[in-house]
């Protein structure tokens, strides 16, 4: 397991932060060594089309066609479809580009023809030249709902329509809890040489994956080391509402707060330099801690961070300590 | 019936030629006086979306947003969706613009929710500010198939993919023959003050409408005068393959050939000046003939042609002669 060229890594991924980490991981390992289990709790049906924002962000990013400025969507995309469908009185708060729409139309057609989401995801990632296997957490439609001070709503309504502004009271993962894991998901966790939790929101990106029956259990049971990269640095999320959500939901809005959420199944927590002082408290949870620069400000930093994490899990000395 | 401001006109329409004639008709009469029965035999399912090219051409033209150069699609539209869906191995021979796509996605969603094609067509034309009622010939999916020297195929495969190049052996209207007319279609013919057959291809635009059970009978039974405007001038179609199709199917490739196809239910045939010599032969079919300039080269010519036709049917002196 110490030869990185042989390591088989399974990564649990949300959207933008995860995708950027996976770019680094792919640069360190070959894409064929990586299996990605993607959050589909942010999926939404719009205009009768199945939209899978996290899956698409991961695919577009690894395919090199993502819009680097926004982190989502396709570079150079246009929005003529969206402007026109407003004529028909349809809501247009979710940005769907014209190129991006091709992915949703293609996926919806394949699903209606009887393909599973796993199958169509595999077809899309291969078509765009992505070499890593990407497994949706489930083939079922299992949208996350957010209970806010303004009422319960679909995750994307909270996140996009309301710009993550309402205070969050709880996250409703009932649909994920009632879903079945997609074929291969549990196996990818149990048979990996290491499992990585990407730097993603613990409630709305990683949380839905963990809520799918069998997945959290597989993470606890696997003989492989499990490592999580912090999505919180200096008390702030690099992207999105994770810090405020930790606070709203009664957790410490810090890397330590995230480590606590994962402490039953991870072995290693990757902490940012600015949070080094938290290392003892995290070690007190029974976890190993690696302290490094987790800000993926350049391709080189993505590569370095991934390299350090791979080296740590490749050594394997810490697994199954807790 | 002689006051044009009171005339209620029902027009049978295909695509581009019909839409241009209807622009003139709308300029002469108020839009509310006009009911359009549209061909849906050219409808096609693409990428799981229901596309209705003739309905959309009529709506976009009357809404003033049609691409004037091509005669179809939306002015200024882009084609990013189409370019991208090619990545997924989907066929891209049918031009769907990004704005145009909004119409198809909206329509498909409404149909899946249980709306009829009539209902969604009404919603689309109202949304785009079209004041005339537009009735699909049927709410059923009844695509025309063309039997060519290269085999039988969907009309759009013949027309767009093969650019109307293969010789035509026969037109298969079985689906239209098995369909039911949309609500209001027979009534619009029976209760009109005049019925107009727009200058459209008699086989693939008007033919499917006539094949729907009850429509040809309503045209024969109506007390209203029925007039057809020639789609053939000097032996050539202004647009499309009508002339060659007449010839391939054993008919005279001329205005006379078209008049024969309609002679059992029309009262008046509107012939172009260049074909004036054919008037006696058409009169021998028991029809009245009006000879004028039918080339709609400008808005003013569209208006004049429509005005002449309305004046002729408004007089009403010729109906039920044959």
Q | residue A:232 vs. criteria surrounded by 21 or more Cβ atoms within 10 Å (Cβ to Cβ) and touching a strand residue (DSSP E or B) at 6+ places or on another chain (Cβ under 6 Å) | A | no
Result of the Cβ filter at 6 Å on region A:192-205, keeping first residues that are on the phi > 0 side of the Ramachandran plot and partners that are part of a loop (DSSP other than H, G, I, E, B), at least 6 apart or interchain, is none
Checked A:266, A:282 against criteria (in contact (Cβ under 8 Å) with a residue 60 or more places away in the chain, buried (at least 17 other Cβ atoms within 10 Å of the Cβ) and either more than 29 Å from residue A:159 (Cα to Cα) or under 21 Å from the mean Cα position of the chain (by Cα) (or both)); the one match is A:266
Take residue A:249 and tell me if it is over 17 Å from the mean Cα position of the chain (by Cα), farther than 19 Å from residue A:22 by Cβ and surrounded by 24 or more Cβ atoms within 10 Å (Cβ to Cβ).
no
Subset of region B:113-126, residues surrounded by fewer than 16 Cβ atoms within 10 Å (Cβ to Cβ) and within 12 Å of residue B:62 (Cα to Cα), comes to B:126
Selection from region B:50-72 of residues on the phi > 0 side of the Ramachandran plot and either over 18 Å from the mean Cα position of the chain (by Cα) or at pLDDT 95 or above (or both) yields B:64
Original post:
Does residue A:41 count as at pLDDT below 95, more than 11 Å from chain B (Cβ to nearest Cβ) and in contact with a helix residue (DSSP H, G or I) (Cβ under 8 Å, 6 or more places away or on another chain)?
Top reply: no
Of the conditions (1) part of a loop (DSSP other than H, G, I, E, B); (2) crowded, with 24+ Cβ neighbours inside 10 Å, the single one that residue B:129 does not satisfy is (2)
In region A:44-54, anything touching a strand residue (DSSP E or B) at 6+ places or on another chain (Cβ under 7 Å) and either under 17 Å from residue A:173 (Cβ atoms) or away from every other protein chain (no Cβ under 14 Å) (or both) is listed as A:44, A:54
Selection from region A:89-106 of residues touching a residue at least 24 places away in the same chain (Cβ under 8 Å), facing chain B (nearest Cβ under 7 Å) and in contact with a helix residue (DSSP H, G or I) (Cβ under 6 Å, 6 or more places away or on another chain) yields A:99, A:101
**OP:** Would you be able to say whether some residue in region B:120-139 is in contact (Cβ under 8 Å) with a residue 40 or more places away in the chain, within 22 Å of residue B:85 (Cα to Cα) and within 12 Å of chain A (Cβ to nearest Cβ)?
**Re:** no
Of B:86, B:75, B:176, the only residue that is at pLDDT 95 or above and away from every other protein chain (no Cβ under 14 Å) is B:176
Going through region B:61-72 in order, the residues found to be outside any loop (DSSP other than H, G, I, E, B) and either in contact with a helix residue (DSSP H, G or I) (Cβ under 7 Å, 6 or more places away or on another chain) or at the interface with chain A (Cβ under 8 Å from one of its Cβ atoms) (or both) are B:61, B:62, B:66
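The values are calculated or read from the model by the stated rules, or taken from the named source; none is laboratory data. Just so we're clear, the structure is a prediction, and the values are computed from it rather than from any experiment. Cβ sites come from the backbone with ideal geometry, for glycine too, and all protein chains shown count toward neighbours.
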